[in-house]
Amino acid sequence: MWTGKGTRERRKTIRFATAFKDVPAVHVGLSLWDMDSAANPRADISTDHVTRERFDIVFRTWSDTRVARVRVRWMAIGAAFHEDDWTDID
């Protein structure tokens with residue numbers, strides 16, 4: 001990320017401690033960024049491949065932006081299983 005040339009991307013897979021009932025809504029945001037001040041700070045943070053069990057955090061930068069480090073925080077919201085839930089037996 002420090003080369004300052006072209007499109008650069010990093011991905012990190014996050015696995016939930018417990019699977020959700022359905023695919024949750026996942027919010028991601030930058031909680032820290034350390035970027036060179038000689039160029040415009042360009043950053044895109046998003047999610048990809050969200051399932052009941054996991055998701056990918058995707059960080060991208062481009063052009064002459066130089067990134068030393070970033071920190072990402074996330075929150076997943078969705079229906080969870082409960083011990084009182086009925087399960088279907090096939």
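The values are calculated or read from the model by the stated rules, or taken from the named source; none is laboratory data. Since the structure is predicted, the reported quantities are computational estimates derived from the model, not experimental observations. Cβ coordinates were reconstructed from backbone atoms using ideal geometry, including for glycine residues, and neighbour counts include every protein chain displayed.
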Collect the residues in the range 1-20 that are in contact (Cβ under 8 Å) with a residue 24 or more places away in the chain, within 19 Å of VAL72 (Cβ to Cβ) and exposed (fewer than 14 other Cβ atoms within 10 Å of the Cβ), keeping them in residue-number order.
TRP2, THR7, GLU9, ARG10, ARG11, LYS12, THR13, ARG15
So is ARG52 of a type in the set (D, E, K, R) and out of contact with any Ser or Thr (no Cβ under 8 Å at 6 or more places or on another chain) or not?
yes
Exception for LYS21 within (1) at pLDDT below 95; (2) under 15 Å from GLU9 (Cβ atoms); (3) in contact with a Lys or Arg (Cβ under 8 Å, 6 or more places away or on another chain); (4) of a type in the set (D, E, K, R) falls at (2)
Flag if SER37 is free of Cβ contacts under 8 Å to residues at least 24 places away in the same chain and outside any loop (DSSP other than H, G, I, E, B):
no
Residue by residue through the range 73-90, note down the ones that are assigned to a loop (DSSP other than H, G, I, E, B), exposed (fewer than 14 other Cβ atoms within 10 Å of the Cβ) and either in contact (Cβ under 8 Å) with a residue 40 or more places away in the chain or not polar (S, T, N, Q) (or both).
ALA79, PHE81, HIS82, GLU83, ASP84, ASP85, TRP86, ASP88, ILE89, ASP90
Would you call PHE55 among the aromatic types (Phe, Trp, Tyr) and either farther than 30 Å from GLU83 by Cβ or assigned to a loop (DSSP other than H, G, I, E, B) (or both)?
no
Read through the list (1) within 14 Å of THR7 (Cα to Cα); (2) surrounded by 16 or more Cβ atoms within 10 Å (Cβ to Cβ), then give the number of the only condition that VAL70 fails.
(1)
Picking from VAL28, VAL50, VAL23, which residue would you name as being surrounded by 12 or more Cβ atoms within 10 Å (Cβ to Cβ), outside any loop (DSSP other than H, G, I, E, B) and among the β-branched types (Val, Ile, Thr)?
VAL28
